[in-house]
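Chemist: Here it is: the structure, laid out below.
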Amino acid sequence: MFGRPRARAALSLAGAALAAVLGLSACSVFATNARLAQTEASGDGVLRIGMLLDNTGDQAYLNDAQQAAVELAIQQANAAGGHKGRPIEFVQPSATADTAAAARQLVAAKADVVIGPTDSSRAPAAIDVLDKAKTVLISPANLDPALSGYASGGYYFRTAPSETAEGAALVALAKGENAGSVAVLRQKGTYGQDVGDAVVAAAKAAGLAEKGSGEFTGHDAAAAAGAAHAAGAGAVVIVARDEAQAVLAQVHDAGVPGSRILLADGAVAQYGTGLAGGALDGASGLVPGLFPSAAFQTEILKQSPGLRDMTFAAEAYDAAALAILAAAEAQDDAGASIASHLIGVSGGTASGAGGTQGAGTRTKCTALADCLALESKGKAVDYDGQSGPIAFDANGDITTANFTVMGYGADNSAHQAGTQTVAR
């Protein structure tokens, strides 16, 4: 599953023109938010789930795990009786970088829910098509914090944590290692800015001093690393995505010991002999989400025996499972009905002009078939899935963000060392 950090190479929104349309006030969000609306049944009786597979070239392998996970969720739901006694249909996707065209094809195929895309920069094109059709979009991979305020009419959700949550998780790691101060070394660019700002804000809120922070371009991190080492910060957070190995080599050359290094997800990789021996000894890094359980991996491999990477599989499965549970609770397959019940079945709560969604007593469940069985008996469910607790808020964001902690030894190889959870 170590494709995840490199898979995020293009996950941030680009362009000032796009940024200009982001950001709605709370009032305007609530006024047009399908997540909080009261709805009546308007579907055609068949629940259809489609996918936006936007990974091509070197990233194409990311499509396979997500598709296998969604197909598994649909297969399990159909084995449990489908939606209102009829099979849930999977709208077969095709991989393309033309997200808007793919979204239009899914609308034409009468998809009620769409899972994807992977790349945050492609989400706006999908949202702009799907919200007009009142089709729910749930991304298992979008991290850009700006998407929280993007005008979607309430039809956009994501099962992946935003980069803002990652900043809080990195600071939690620093505190756990008894660091009294942090230096944030950020690579110039949107990713470095977003995650770096999140770390700085979280450090301030946690009472940690910031000293020795700096920005660098490309892999030219020598001066910034030297300043961080001279400042004596208890933890040095590396926020880099491109040329991370060269960046870490310069951090090591500056004298920063591995035990003081914390890596944001873009820099987590298996470095081995690519770095000097012991360069990362004692370092830790974060990977958004949780590693799939052994049982889940077994089921995924039955679905797709040749699968070699499970990046985003858990998040994609949970996206499909939540959509299926929301449709069952609503007793309707229409996108508007699904959007209005997603907060509830995820265990979230949000108040707005349409009332309070998700409020009331709900029964925790983790297996999709078990959750559907509970719903068939009239019980309201709170689904905690393969990627952990979700609990959507009024923006469609998860309010409990889970991260896998990777630890490094003297051989500069990473291993799973635990988990880190932060509440937003």
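The values are calculated or read from the model by the stated rules, or taken from the named source; none is laboratory data. Since the model is a prediction, treat every value here as computed from it, not as a measurement. Cβ sites come from the backbone with ideal geometry, for glycine too, and all protein chains shown count toward neighbours. With ligands, DNA and RNA removed, areas are computed over all heavy atoms of the protein, side chains included. Shrake-Rupley method; radii C 1.70, N 1.55, O 1.52, S 1.80 Å.
Chemist: Among the residues of the stretch 190-198, is any under 27 Å from the mean Cα position of the chain (by Cα) and free of Cβ contacts under 8 Å to residues at least 40 places away in the same chain?
Modeler: Within the stretch 190-198 (the criterion being under 27 Å from the mean Cα position of the chain (by Cα) and free of Cβ contacts under 8 Å to residues at least 40 places away in the same chain), the answer is yes, since at least one residue qualifies.
Chemist: Kindly provide the set of residues from the stretch 168-193 that are over 15 Å from V236 (Cβ atoms), touching a strand residue (DSSP E or B) at 6+ places or on another chain (Cβ under 9 Å) and either assigned to a helix (DSSP H, G or I) or open to solvent by less than 10 Å² (accessible area, probe 1.4 Å) (or both), ordered by number.
Modeler: Matches in the stretch 168-193: A168, A169, A172, G176, Y191, Q193.
Chemist: Can we say A321 is touching a Phe, Trp or Tyr at 6+ places or on another chain (Cβ under 8 Å), crowded, with 22+ Cβ neighbours inside 10 Å and at pLDDT 95 or above?
Modeler: yes
Chemist: Just name the residue that is surrounded by the fewest Cβ atoms within 10 Å (Cβ to Cβ) out of those in the stretch 246-273 that are assigned to a loop (DSSP other than H, G, I, E, B) and on the phi < 0 side of the Ramachandran plot.
Modeler: The qualifying residue surrounded by the fewest Cβ atoms within 10 Å (Cβ to Cβ) is Q270.
Chemist: Could you list, in sequence order, all residues of the stretch 193-209 that are in contact with an Asp or Glu (Cβ under 7 Å, 6 or more places away or on another chain) and closer than 18 Å to A240 by Cα?
Modeler: D194, V195, A198, V200
Chemist: Do you know which of the residues in the stretch 293-305 that are at pLDDT 90 or above and assigned to a loop (DSSP other than H, G, I, E, B) is surrounded by the most Cβ atoms within 10 Å (Cβ to Cβ)?
Modeler: The extreme case among them is S304.
Chemist: Check whether at least one residue in the stretch 67-76 is part of a loop (DSSP other than H, G, I, E, B), open to solvent by less than 20 Å² (accessible area, probe 1.4 Å), in contact with a helix residue (DSSP H, G or I) (Cβ under 8 Å, 6 or more places away or on another chain) and over 16 Å from V136 (Cα atoms), and report yes or no.
Modeler: Checking the stretch 67-76: not a single residue is part of a loop (DSSP other than H, G, I, E, B), open to solvent by less than 20 Å² (accessible area, probe 1.4 Å), in contact with a helix residue (DSSP H, G or I) (Cβ under 8 Å, 6 or more places away or on another chain) and over 16 Å from V136 (Cα atoms).
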